[in-house]
2 protein chains.
Amino acid sequence: MNAEILAIGSELLTPERLDTNSLYLTRQLNEIGVEVVGKAVMGDDRARLTAAIEQARARTGLLILTGGLGPTEDDVTREAVAAACRRELVFHQDLLDAIEARFRSAKRAMAAINRRQAYLVDGFEALANDRGTAPGQWFRDEAGILLLLPGPPHELQAMFERECLRRLRLAIPQQHIVTRVMRVAGMPESDLDQRISPIYTRYQNPVTTILAAPGDIQIHLRGTGPSGAEAQALVDELARLIEAELGDRIYSREGKSLEEVVGGLLLAHRATLAVAESCTGGMLAERITSVAGSSNYFVGGWVSYTNRAKRQWLGVSGEVLETHGAVSAETAGEMAQQARRRAGSTLGLAVTGVAGPTPDSGGGKDGPKPVGTVFVALADEKGSDVRQRQFIGERDRIRQQATQMALDMIRRSFLPKAGG
Amino acid sequence: MNAEILAIGSELLTPERLDTNSLYLTRQLNEIGVEVVGKAVMGDDRARLTAAIEQARARTGLLILTGGLGPTEDDVTREAVAAACRRELVFHQDLLDAIEARFRSAKRAMAAINRRQAYLVDGFEALANDRGTAPGQWFRDEAGILLLLPGPPHELQAMFERECLRRLRLAIPQQHIVTRVMRVAGMPESDLDQRISPIYTRYQNPVTTILAAPGDIQIHLRGTGPSGAEAQALVDELARLIEAELGDRIYSREGKSLEEVVGGLLLAHRATLAVAESCTGGMLAERITSVAGSSNYFVGGWVSYTNRAKRQWLGVSGEVLETHGAVSAETAGEMAQQARRRAGSTLGLAVTGVAGPTPDSGGGKDGPKPVGTVFVALADEKGSDVRQRQFIGERDRIRQQATQMALDMIRRSFLPKAGG
């Protein structure tokens, strides 16, 4: 079964507000096998709302309206639903009694306008609200199910769990949904899609969704079946094919972040890490330490933002800086080695590059490097491995891609070597 | 004029994702006098999308579509718009050339599927994308304006400002709107609102909106008038009253971030800065270096995540660490002094604290400190100033508040002293 969610309230159309009830409802609906195929936000405009309700009911079997059930003039959901369904609003004395009782128990006088909340659309069933005055409403006819819920999240959630889930489960043929999130580092979205779209487009179920962030791609698989085991088997089958195509480019099969995965590898290998950063300015250390428990493997780091800091704090040689420049393979290698030595850690990781907006002025015989040039070095007891990349984008994007590349070098260093 | 925004992408219908482009667009549209009367999210379903575009165009003069312009099979916006407008898709060699040039400059081969991005709906105008491969599209007929923008926020925003604002201003009857964003550090939202709500609730125009993030509050004023000068006068009047109430708690009157404001102060005073961080793990340096040009005042920093790093790299005395613990005023003070001395900078700034989730095990005679305890020290040639705060919330929230507190200590050190 498919659902649409329509959030009602002019405040949700300002530049500052988002409708987050739909996230909660989507999670709940997905768990009982209902797909959300559209969601919308509308203001307190009765005519527009009436038309939107009619259109949504015509195309989708479950329509959930949130908000607009308050006592004031601009709460127009009840009226709009009545108009869309061509039914009357009917006053219910028992609902008014319950609202009055609620005010009495809070030792407050009920305002006359709250009487509006005691009306139901004719033929609709009231859903009790134990956290507010607005009752919800439930209705089912040959066009499908229509559900009216209050806007405040704590009222909506309590009402959904207590009053709606049971009714929905009875009304909907049972389905089971299984999801899997695979993550890939440092691969352009179009390259990745070219490799795996011939695979996933063969499957209508599971549904595949690809999400790209700088240097990071998530592949979401969502399988549906009459039982959990069947849904799982579908997801497993497609996942195996994608894994066979992408191999060790996949860094997580369960949606973990790269910094979590790297932290887990360092712990498992009883390895420790120190970092030396230039262009990323602390972002690499920040990502590593965003993981709770990172003090078990992360010693610390240097943000050697100037040449002087690279020389004096890390001991990068003045000759290297002068000959090759601050943005060079040689400087990256020395930074990683020195970080490792000074920290007494198993590994040393270094990043130097040009985040922009102006090209590098770090010196060296080859002249200024273009914006986006990044060197990453990983040092261990055997020496250091240095890689160069050219990223495109704004300052923050280049920094994010550089940290992603650096973390992925650690992950790859723990992969079993090919052949042999 | 009224607008609707339609975000396209199945990933935006999962329980994890929200469409945030609509917030950016709403802000931009409001500033040129356009009201957003509805917004929606739809999946990559061509038939549904086609119907939604037809319906939206029939009721609203400006329709903005975001997303679904990528190179892959599930990017269906181009096809759906063509179907809704009953027009063909037309290949443009010059667009393909631009896409290929973009790949060449990144020294990558263009995937064949990127060719799909070189198609425009017949009669539509291409909008250049300087941050990605997908061109936008602009169209205007008697039904109104139709605008196709790429989904990635950095691409969408650059394109909107460069290509769309000018076209929209020409197409829309002019209204005058003036906005002002004041920012306040380190004040709870409820305290702030209690002080200024008696002031701003007296004004229907400007409209006041308050947005709170960890340790940071934005006060948005939006005034509307028949002329720019009248709108400006309204905003100025309310802003003066709020400023009189909040005084030097306001760190920016023009929406700048605290790291930008602090950078400007350091530059103006020809001062330089080095940092030493423990619980914030690089986040403080990352924020400072997120500002372009920060190398003019930021020397660098230490992420001294372990006691050993604090001792060996920064020279914090073993006695201080043993007696008072890593999370203490004494350790913070030494870290700041040592950072300043080792960097040869005008100022040294240090943060040590407990980000959680487990209480501090940094030792000291007073035993473990609770989660959320943070010490910040600012050292100059006269000595160091140390402050303690107790924050609440999750790990990331505590780290954000700690960096905010640290940056605000620098700002306050440059304020003229009271009295005298």
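The values are calculated or read from the model by the stated rules, or taken from the named source; none is laboratory data. Computed from a predicted structure; not experimentally measured. Cβ placement follows ideal geometry from the backbone for every residue including glycine, while neighbour counts extend to all protein chains displayed.
Hey, could you check the stretch A:263-295 for residues that are among the polar types (S, T, N, Q) and within 8 Å of chain B (Cβ to nearest Cβ) and say which is farthest from B:THR306 (Cα to Cα)? Walk me through it before giving the result.
Within the stretch A:263-295, the subset among the polar types (S, T, N, Q) is A:272, A:278, A:280, A:289-290, A:294-295.
Next, from what is left, pick out any that are within 8 Å of chain B (Cβ to nearest Cβ): A:280, A:289-290, A:294-295.
Numbers: A:THR280: 21, A:THR289: 12, A:SER290: 15, A:SER294: 10, A:SER295: 7 Å.
Looking at residues that are among the polar types (S, T, N, Q) and within 8 Å of chain B (Cβ to nearest Cβ), I get A:THR280.
What are the residue pairs meeting all of these: first residue in the stretch B:179-199, first residue closer than 16 Å to A:GLU16 by Cβ, second residue among the basic types (Lys, Arg) and modelled with pLDDT under 90, Cβ atoms under 7 Å, and 6 or more apart or on different chains?
Taking only residues 6 or more apart or on different chains, the pairs are B:THR179/B:ARG222.
Select, from A:ASP360, A:ASP366, the only residue that is in a loop (DSSP other than H, G, I, E, B), more than 10 Å from every other protein chain (Cβ to nearest Cβ), in contact with a helix residue (DSSP H, G or I) (Cβ under 9 Å, 6 or more places away or on another chain) and acidic (Asp, Glu).
Among A:ASP360, A:ASP366, only A:ASP366 is in a loop (DSSP other than H, G, I, E, B), more than 10 Å from every other protein chain (Cβ to nearest Cβ), in contact with a helix residue (DSSP H, G or I) (Cβ under 9 Å, 6 or more places away or on another chain) and acidic (Asp, Glu).
Just the residues that are of a type in the set (A, V, I, L, M, F, W, C) and within 16 Å of A:GLU260 (Cβ to Cβ), please, taken from the stretch A:394-419. Give the steps one after another, and end with the answer.
Of the stretch A:394-419, the ones of a type in the set (A, V, I, L, M, F, W, C) are A:398, A:402, A:405-407, A:409-410, A:414-415, A:418.
Residues satisfying the conditions are A:ALA406, A:LEU407, A:ILE410, A:PHE414.
Quickly run through the stretch B:273-301 and pick out the residues that are free of Cβ contacts under 8 Å to residues at least 24 places away in the same chain and out of contact with any strand residue (DSSP E or B) (no Cβ under 7 Å at 6 or more places or on another chain). First the steps, then the outcome.
If we filter the stretch B:273-301 for residues that are free of Cβ contacts under 8 Å to residues at least 24 places away in the same chain, which is where we start, we get B:282, B:285-286, B:289, B:292, B:295.
Within the stretch B:273-301, B:GLU286, B:ALA292, B:SER295 qualify.
This table checks each residue for (1) surrounded by fewer than 23 Cβ atoms within 10 Å (Cβ to Cβ); (2) at the interface with chain A (Cβ under 7 Å from one of its Cβ atoms); (3) among the aliphatic types (A, V, I, L, M).
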| residue | (1), (2), (3) |
| --- | --- |
| B:ARG17 | yes, no, no |
| B:VAL36 | no, yes, yes |
| B:THR66 | no, no, no |
| B:ALA82 | yes, no, yes |
| B:VAL90 | yes, no, yes |
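I'd like to check something: does the stretch A:193-209 contain any residue that is outside any strand (DSSP E or B), among the hydroxyl-bearing types (Ser, Thr, Tyr), buried (at least 19 other Cβ atoms within 10 Å of the Cβ) and at pLDDT below 90?
No, there is no match, as no residue in the stretch A:193-209 is outside any strand (DSSP E or B), among the hydroxyl-bearing types (Ser, Thr, Tyr), buried (at least 19 other Cβ atoms within 10 Å of the Cβ) and at pLDDT below 90.
Would you mind stating whether B:ARG240 is basic (Lys, Arg) and touching a residue at least 24 places away in the same chain (Cβ under 8 Å)?
Details: basic (Lys, Arg): yes; touching a residue at least 24 places away in the same chain (Cβ under 8 Å): no.
So B:ARG240 does not fit the description; no.
Go through (1) touching a Phe, Trp or Tyr at 6+ places or on another chain (Cβ under 6 Å); (2) assigned to a helix (DSSP H, G or I); (3) surrounded by 20 or more Cβ atoms within 10 Å (Cβ to Cβ); (4) not hydrophobic (A, V, I, L, M, F, W, C) and name the single condition A:ARG411 misses.
It is condition (3) that A:ARG411 fails.
Using the structure shown, decide if B:THR72 is β-branched (Val, Ile, Thr), buried (at least 16 other Cβ atoms within 10 Å of the Cβ), in contact (Cβ under 8 Å) with a residue 40 or more places away in the chain and in the same structural domain as B:GLU163 (by TED's automatic domain parsing). Give the derivation first.
Values: β-branched (Val, Ile, Thr): yes; buried (at least 16 other Cβ atoms within 10 Å of the Cβ): yes; in contact (Cβ under 8 Å) with a residue 40 or more places away in the chain: yes; in the same structural domain as B:GLU163 (by TED's automatic domain parsing): yes.
Yes: the conditions hold for B:THR72.
Are any residues in the stretch B:106-151 in contact with a Phe, Trp or Tyr (Cβ under 7 Å, 6 or more places away or on another chain) and within 14 Å of chain A (Cβ to nearest Cβ), and if so, which ones?
B:ALA109, B:MET110, B:ALA118 - these are the residues of the stretch B:106-151 that are in contact with a Phe, Trp or Tyr (Cβ under 7 Å, 6 or more places away or on another chain) and within 14 Å of chain A (Cβ to nearest Cβ).
So for the stretch A:95-104 (the condition being surrounded by fewer than 16 Cβ atoms within 10 Å (Cβ to Cβ) and within 14 Å of chain B (Cβ to nearest Cβ)), does at least one residue qualify?
Quick first cut of the stretch A:95-104, residues surrounded by fewer than 16 Cβ atoms within 10 Å (Cβ to Cβ) only: A:97, A:101, A:103-104.
With within 14 Å of chain B (Cβ to nearest Cβ) added as a condition, the list becomes none.
So far as the stretch A:95-104 goes, no, none of its residues is surrounded by fewer than 16 Cβ atoms within 10 Å (Cβ to Cβ) and within 14 Å of chain B (Cβ to nearest Cβ).
Here are some conditions: (1) of a type in the set (A, V, I, L, M); (2) part of a helix (DSSP H, G or I); (3) modelled with pLDDT under 95; (4) touching a Leu at 6+ places or on another chain (Cβ under 8 Å). A:ALA47 meets all but one. Which one does it not meet?
(4)
If you take the residues of the stretch A:211-224 that are modelled with pLDDT of 90 or more and among the small types (Gly, Ala, Ser), which of them is farthest from A:VAL178 (Cα to Cα)?
Only one residue tops the list, namely A:GLY215.
Please go through (1) at the interface with another protein chain (Cβ under 9 Å from one of its Cβ atoms); (2) of a type in the set (S, T, N, Q); (3) surrounded by fewer than 21 Cβ atoms within 10 Å (Cβ to Cβ) for B:THR50 and return the number of the only condition it doesn't satisfy.
Going through (1) at the interface with another protein chain (Cβ under 9 Å from one of its Cβ atoms); (2) of a type in the set (S, T, N, Q); (3) surrounded by fewer than 21 Cβ atoms within 10 Å (Cβ to Cβ) one by one, B:THR50 breaks only (1).
Scanning the stretch A:298-346 for residues that are within 13 Å of another protein chain (Cβ to nearest Cβ) and among the hydroxyl-bearing types (Ser, Thr, Tyr), which turns out surrounded by the fewest Cβ atoms within 10 Å (Cβ to Cβ)?
A:THR306
On the basis of being in contact with a helix residue (DSSP H, G or I) (Cβ under 7 Å, 6 or more places away or on another chain) and not in a helix (DSSP H, G or I), does B:SER384 make the cut?
On the way: in contact with a helix residue (DSSP H, G or I) (Cβ under 7 Å, 6 or more places away or on another chain): yes; not in a helix (DSSP H, G or I): yes.
Judged against the criteria, B:SER384 is a match.
Among the residues of the stretch B:19-40, count how many are modelled with pLDDT of 90 or more, outside any helix (DSSP H, G or I) and farther than 21 Å from A:ARG46 by Cα.
Looking only at that region, the number is 2.
Could you pull out the residue among B:GLU245, B:GLU254 that is under 26 Å from B:GLN218 (Cα atoms), more than 7 Å from chain A (Cβ to nearest Cβ) and either part of a loop (DSSP other than H, G, I, E, B) or touching a Leu at 6+ places or on another chain (Cβ under 6 Å) (or both)?
Numbers: B:GLU245 fails: either part of a loop (DSSP other than H, G, I, E, B) or touching a Leu at 6+ places or on another chain (Cβ under 6 Å) (or both).
B:GLU254 is the lone residue from the list that is under 26 Å from B:GLN218 (Cα atoms), more than 7 Å from chain A (Cβ to nearest Cβ) and either part of a loop (DSSP other than H, G, I, E, B) or touching a Leu at 6+ places or on another chain (Cβ under 6 Å) (or both).
Select from the stretch A:180-221 the residues that are of a type in the set (Gly, Ala, Ser) and within 12 Å of another protein chain (Cβ to nearest Cβ) and write down the one among them that is farthest from B:HIS154 (Cα to Cα).
First pass over the stretch A:180-221, keeping only residues of a type in the set (Gly, Ala, Ser): A:185-186, A:190, A:197, A:212-213, A:215.
Subset that is within 12 Å of another protein chain (Cβ to nearest Cβ): A:190, A:197, A:212-213.
On the way: A:SER190: 18, A:SER197: 25, A:ALA212: 13, A:ALA213: 11 Å.
By that ranking, first place goes to A:SER197.
If we scan the stretch B:342-350, do we find a residue that is closer than 16 Å to B:ASP408 by Cα and in a helix (DSSP H, G or I)?
We begin by selecting, within the stretch B:342-350, every residue closer than 16 Å to B:ASP408 by Cα; these are B:347-350.
Cutting the leftovers down to in a helix (DSSP H, G or I) gives us none.
No, the stretch B:342-350 contains no residue that is closer than 16 Å to B:ASP408 by Cα and in a helix (DSSP H, G or I).
In the stretch A:161-179, how many are surrounded by fewer than 14 Cβ atoms within 10 Å (Cβ to Cβ) and under 25 Å from the mean Cα position of the chain (by Cα)?
1
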